[in-house]
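A short reminder: the numbers here are calculations on the coordinates, not readings from a lab. As the structure is a prediction and not an experimental result, all values here were calculated from the model. Cβ: placed from backbone, ideal geometry, glycine included. Neighbour counts: every protein chain shown.
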Amino acid sequence: MENMSNNYANNVKSSIAVNPTFKAICEFNIQQFPVDGYSRYYSQLRNGTAILQTAEQLNTYLASYADMHQHKLNLAFASLFAKVDFNNKSAEIIDWGCGQAFASCVIIDFIKNNNINLDLSKFTLIEPSSMALQRGLEHIDAIYQRKPKPKTYSINEKADTSLSIKGYQSSSKIKIHLFSNVLDIHSLDLNQVFKNVTSNFDGLNYFVCVSPINRLRLQTFYKMFGQSDLLSSNGSSIVTEVFRPSAMRKITKSISRVEYIFKTNL
Ligand SMILES: C[S@@+](CC[C@H](N)C(=O)[O-])C[C@H]1O[C@@H](n2cnc3c(N)ncnc32)[C@H](O)[C@@H]1O
């Protein structure tokens, strides 16, 4: 595990070289997950809400949750792209509380797998764990094959501290904001997140909000935008295959999901 933490970026790149996708990154991490990983590290994740600080925690989070989150995100992106034609357009991604940038990586896979000609020109990653943030940058770099690569801009902060990043944004660009498994966190101050969005991002903004629980918090956030256009809201459970770290194998499981997808002009 120590070597893995030092050389993660190189190792992950070479292991997924033939198939550079987020799915392949997940399989790489599951293969690296140690047999005693569940007993040693799982509780440290605090149901996924902890601000991660070690390579072992990052690997355990990814092995434990990536299958599930990936599935929910794919359904959310299917809803978004069914409603909006992004072909031949360019957009910027803002991934709030990005962790290891699962949501950014899943949208990259999604547009590639579905032959959507959307140019993702910039990724802004906002995350309080510096280690997770670094890994998020490494994941985007590992799966992005296009040259030149998109710009990345990382902000090692909480999403609910006051952010002044307007100078780095262009009002003419379409923005797609990703809130993956973040808005449901009770300690997150939704009012401050709303202020950070409205004070920093002008123009056309899309929001993809996905969580396992706490539909009301996602709805509250959506309603703060007043004049916004709701594209999808969903609260169904889905059955999918996920890696279970306590059993060291994949199982078929029902997982809950809530999503709010909307657009607004700011
Ligand atoms: C459940 S994880 C989700 C991570 C990632 N978005 C995903 O889908 O895998 C919650 C993330 O929120 C981060 N976090 C915790 N408090 C936060 C805050 N106040 N603002 C932004 N992110 C926060 C944690 O560090 C962690 O990466």
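Note that region 114-129 has calculated 3J(HN,Hα) couplings of 9, 6, 8, 8, 10, 8, 8, 8, 8, 10, 9, 10, 10, 6, x, 8 Hz, one per residue in order, obtained from phi through the Karplus relation 6.51 cos²θ - 1.76 cosθ + 1.60 (θ = phi - 60°); glycine and proline are x.
In degrees from 0 to 90, rounded to the nearest 10, what is the angle of the helix 102-113 Cα long axis to the longest principal axis of the chain? The helix 102-113 is inclined about 80 degrees to the chain. How would region 68-193 be classified by its alpha-carbon gyration tensor: rounded, prolate or oblate, with rounded meaning a/c under 1.5 and the a/b versus b/c comparison settling the rest? Judged from the Cα gyration tensor, region 68-193 comes out rounded (a/c under 1.5). Just how many % of Cα pairs in the chain lie over 24 Å apart, if you round to the nearest whole percent? Cα-Cα pairs in the chain separated by more than 24 Å: 45 percent. Computed from backbone phi with θ = phi - 60° and the Karplus coefficients 6.51, -1.76 and 1.60, the 3J(HN,Hα) list for region 172-189 is 7, 8, 6, 10, 10, 8, 10, 10, 9, 6, 10, 5, 6, 5, 4, 6, 6, 7 Hz; x is used for glycine and proline. For region 1-113, the spherically averaged projection of the C-alpha convex hull amounts to 8.0 nm². Distance between the modelled labels on Ser171 and Ser233, one decimal in nanometres: 2.9 nm (7 Å Cα→Cβ projection).
Here the Karplus curve 6.51 cos²θ - 1.76 cosθ + 1.60, taken at θ = phi - 60°, turns the phi angles of region 193-199 into couplings of 4, 4, 4, 5, 5, 6, 8 Hz, with x standing for Gly and Pro. Close amide H partners of Lys89, meaning residues 5 or more places away or on another chain with modelled amide H under 5 Å apart, are Asp119. Legend: ranking of residues Thr161, Thr252 from fewest to most surrounding C-beta atoms inside 10 Å; resulting order Thr252, Thr161. Relative contact order of the chain: 19 percent, from C-alpha pairs under 8 Å at least 6 residues apart in sequence.
What angle do you read, to the nearest 10 degrees and between 0 and 90, between the alpha-carbon axis of helix 130-143 and the longest principal axis of the chain? That works out to roughly 90 degrees.
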